[in-house]
Amino acid sequence: MTEEFINFKNFQRSQVRHWFDFPSEHKNKTVHFYASDNEETFDKNASMDWKVQGGETPTSHITQDRTYTKDQITYKFNSEGFRGPEIKPSDAEYKVLHYGGSFSFGSGLNEDEIYIHHLDQLLKQKYSSTHYWNISPANTMFEVVTMIEEHIAQLEPNAIVISAPRFIQPSDFMTKAIKKTSTDKEIPKVFLDVKMQTKLHFRDIMFRYFNLICSQYNIKIIMQMHQYKMWIGFEPKIELHKNLINMKIENSDFIDLARDCRHPGTRSHKKIAQEIFKLL
């Protein structure tokens, strides 16, 4: 690797902003850049003629095969700061409620390039009318589980699809507490131990809760498990309800890059949409 390329990779990593912390700042707004898909990153990618390797572990095997312009991608936010239709009831025959992080949000893509849109187009071939809601970006799985029952009661979806965001954020209250109560040498180990145990306990409780939701509301839940490091090794250890599907997404399922050269592109999203459609 050249020094220029190494510096660029380090720059890419530095651009992982906490986009999920800011949905309220973008209520009813339309912008051309957002979070990892920012103008500074665009300029860096363009300066390399878009000959860029994927900047995340699941996309690191992919080389960008498209070029982009600055006004090519549009992010339109609804009145609650999410990307997609307003969060209000629909009388469509088949309705899907989506939750997730940057993948379901569609970082570096237009809304009609995201798997959520592709899935809706497939469902229209099967049902007389369809509708979806996209609660993205969501911060953590803690946020997702606190919203589900309220949204089920309000929206009455036929299915829920979750593109799992993080369990917890590295900048949350745990980091602050550990830094204030531990010595410098203890901090890395204490934080990792707490984070690991939190994940293990939350994983089991989360899937037990989803089992209850499937049973109580007779609803199907598809849980996408991406191969990011925070999800590797955290597959469910309990028996799942027949309507709760753990969908493991391999890195090889991603075949192209979005504009930010970090996240999967629209061909990857189409591929995932087809797999979800089979499960529904």
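Residue exposure proxy: 40, 275, ordered by other Cβ atoms within 10 angstrom of their Cβ from fewest to most, comes out as 40, 275. Around the amide H of residue 138, modelled in the peptide plane, lie the amide H atoms of 100, 101, all under 5 Å away and 5 or more residues distant in sequence or on another chain. In terms of surrounding Cβ atoms within a 10 Å radius of their Cβ, 31, 161, 144 rank from fewest to most as 31, 144, 161.
Neighbours of residue 86, meaning other residues whose beta-carbon lies under 12 angstrom from its beta-carbon, give a summed charge of +3 when Lys and Arg score +1 and Asp and Glu score -1. Label sites at residue 91 and residue 60, each approximated as a point 7 angstrom past Cα along Cα to Cβ, lie 5.3 nm apart. What pairs from 220/248; 27/70; 220/271; 88/242 go past 26 Å between their alpha carbons? In this structure, 88/242 exceed 26 Å between Cα atoms.
Read-outs throughout are calculated quantities, based only on the coordinates presented, and are distinct from any laboratory measurement. What you see is a predicted model, and the numbers here were worked out from it, not measured in a lab. Positions of Cβ are generated from backbone atoms using ideal geometry, with glycine treated the same way; all protein chains shown enter the neighbour counts.
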